[in-house]
Amino acid sequence: SGRFVVKSQTTSAPASSESVTVTPVPSQMKAWVYGEYGGVDVLKFDSNVGVPDFKEDEVLVKVVAAALNPVDAKRRQGKFKATDSPLPTVPGYDVAGVVAKVGSQVKDFKVGDEVYGDINEKALEGPRQFGTLAEYTAVEAKLLAPKPKNLDFAQAAGLPLAIETAYEGLERTGFSAGKSILVLNGSGGVGSLVIQLAKQVFGASRVAATASTRNLDLLKSLGADLAIDYTKENFEDLPEKFDVVYDAIGQCDRAVKAMKEGGSVVALTGAVTPPGFRFVVTSNGEVLKKLNPYLESGKVKAVVDPKGTFSFAQVADAFSYLETNRATGKVIIHPI
Ligand SMILES: C/C=C1/OC(C)=C(O)C1=O
């Protein structure tokens, strides 16, 4: 087959354009790999990794950008080894890229489509051996959605796992219009989206969020009515209580003290104190399709860490930065 080049153009100002060579698909590719569990030092850059096979209901995506998530680091540390796929592993859940090949059962996508998604339907149960920190990745078509036209690949790559987690957590608490919410870690990858979805999609009456001093203005810019500086006060000591507390940091024992009688507390990680509950995100392209209008209208924005994107060669440095827990928004790898 001939050379297929896609010229991507965002519809927002400042417009950005990027040419992506989609085919011919090689048999070998560049990817980051680890053959043993451990620290960042087990990550190796390999120029001769086999391009993954894909099933009839899957697509092969030419990766343009990928995002790092805490689950990538925890998985590499072996915290989920009991349910992990075999080593060696190519890490990475989030992808934004261009469809390079489609399986025979795929109807919703064709070669050249610009897509984004989280490639692991169940984050901790058998995540794919060949992830997104690679030139190509295979994924079920049902986990993908068209990339929002106004976002470049780097911005889009940072959304799937975080926005699906934010949305699913709000749904699971029964959050709805007119309710109040407190978001713990409002400047994080998930928290920065919980603030926006609560306000713009669910119709929150009031949104409060915690962050450090340097991120209080960001909370307000995302729509928070109350920005709480956790270096200066304890949110659970404030007189105001909330219908829902979304714990995106691991402070469930404190979160339940900020909940109104009859309210709900959802936690992403860490020990759970009743009535708080924990869940693990299920990836679903339909959630991304449902949220695309909010992204394309600009009502909901992707938050990329101010350090900017890390190059493909800098993946180990990017993980070191992510694991400081100091990132604001998402840590993105672009271009790949
Ligand atoms: C994205 C999934 C996760 O699930 C747990 C328990 C974490 O700590 C994650 O990051």
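The values are calculated or read from the model by the stated rules, or taken from the named source; none is laboratory data. Values in this document were obtained by computation on a predicted structure and should not be read as measured data. FYI the Cβ positions are ideal-geometry reconstructions off the backbone, even for glycines, and counts take in every protein chain you see. What goes into the accessible areas is simple: the full protein's heavy atoms, side chains included, and nothing from ligands, DNA or RNA. Shrake-Rupley method; radii C 1.70, N 1.55, O 1.52, S 1.80 Å.
Please report the net charge: other residues with Cβ closer than 14 Å to the Cβ of residue 203, K and R +1, D and E -1. Don't skip to the answer; put the middle values down first.
Values: positive: 179, 199, 206, 299; negative: 171, 225, 243.
Result for the local shell: +1.
List the trypsin sites (Lys or Arg not before Pro) within the range 104-189 that DSSP assigns to loop and that have no more than 16 neighbouring Cβ atoms inside 10 Å. Spell out each step's value before the answer.
On the way: sites: 107, 110, 122, 128, 142, 149, 172, 179; in loops: 107, 110, 128, 149, 179.
Counting only loop positions with at most 16 other Cβ atoms within 10 Å, the trypsin sites (Lys or Arg not before Pro) in the range 104-189 are 107, 110, 149.
Show me, bin by bin at 10 Å from 0, the whole-percent P(r) of the range 84-148 based on Cα pairs.
In order of increasing distance, the bins hold 22, 53, 23, 1 percent.
Roll a 1.4 angstrom probe over the protein heavy atoms and tell me the percent of accessible area of the range 107-260 that is carbon or sulfur.
That fraction is 48 percent.
Would you mind calculating the relative contact order of the range 191-258 from Cα pairs under 8 angstrom and at least 6 residues apart, reporting the percent as a whole number?
Values: 72 pairs, mean separation 17.2, N = 68.
Averaging sequence separation for qualifying contacts and normalising by length gives 25 percent for the range 191-258.
Between the range 1-29 and the range 262-336, what's the alpha-carbon centroid distance in Å?
Centre-to-centre distance over Cα atoms comes out at 25 Å.
Ratio of the chain's C-alpha Rg to 2.2 N^0.38 Å, to two decimals?
On the way: Rg = 19.6 Å, N = 336, 2.2 N^0.38 = 20.1 Å.
So the Cα radius of gyration is 0.98 times the expected 2.2 N^0.38 Å.
Which of 166, 316, 134 moves most in a GNM of the chain, Cα contacts under 10 Å?
316
Need the list of aspartates and glutamates near residue 149 for cross-linking: C-alpha distance under 20 angstrom, and skip anything on the same chain fewer than eight residues off.
Filter leaves 18, 94, 108, 113, 114, 118, 164, 286, 296.
Please report the relative contact order for the chain, taking Cα pairs under 8 Å with a sequence separation of at least 6, and give it as a percent rounded to a whole number. Please report the intermediate quantities before stating the final value.
On the way: 836 pairs, mean separation 59.6, N = 336.
In percent, rounded to a whole number, it is 18.
Skip the ligands, DNA and RNA, and give the accessible area per residue of the chain with a 1.4 Å probe, whole Å². Please report the intermediate quantities before stating the final value.
Working: 13680 Å² over 336 residues.
About 41 Å² of surface per residue is accessible.
Let me test this: with uniform point scatterers at the alpha carbons of the range 110-212, what is the Debye-based log₁₀ I(q)/I(0) at q = 0.13, 0.19, 0.25 1/Å?
The Debye formula, applied to the Cα set alone, gives -0.57, -1.02, -1.32.
Evaluate the Kirkwood expression for the hydrodynamic radius of the range 235-334, namely the inverse of the mean inverse distance over all pairs of different C-alpha atoms, and round to one decimal in Å.
By the Kirkwood definition, the hydrodynamic radius is 16.3 Å.
Rounded to a whole number of µm²/s, how large is the Stokes-Einstein D of the range 1-127 at 25 °C and 0.890 mPa s, given Rh as the Kirkwood radius over C-alpha pairs? Please report the intermediate quantities before stating the final value.
Values: Rh = 16.2 Å.
Rounded, D is 152 µm²/s.
Determine the alpha carbon to alpha carbon distance for each of 7/330; 220/260; 79/299; 79/241 and list only those over 31 Å.
Numbers: 7/330 25 Å; 220/260 23 Å; 79/299 36 Å; 79/241 34 Å.
Flagged as over cut-off: 79/299; 79/241.
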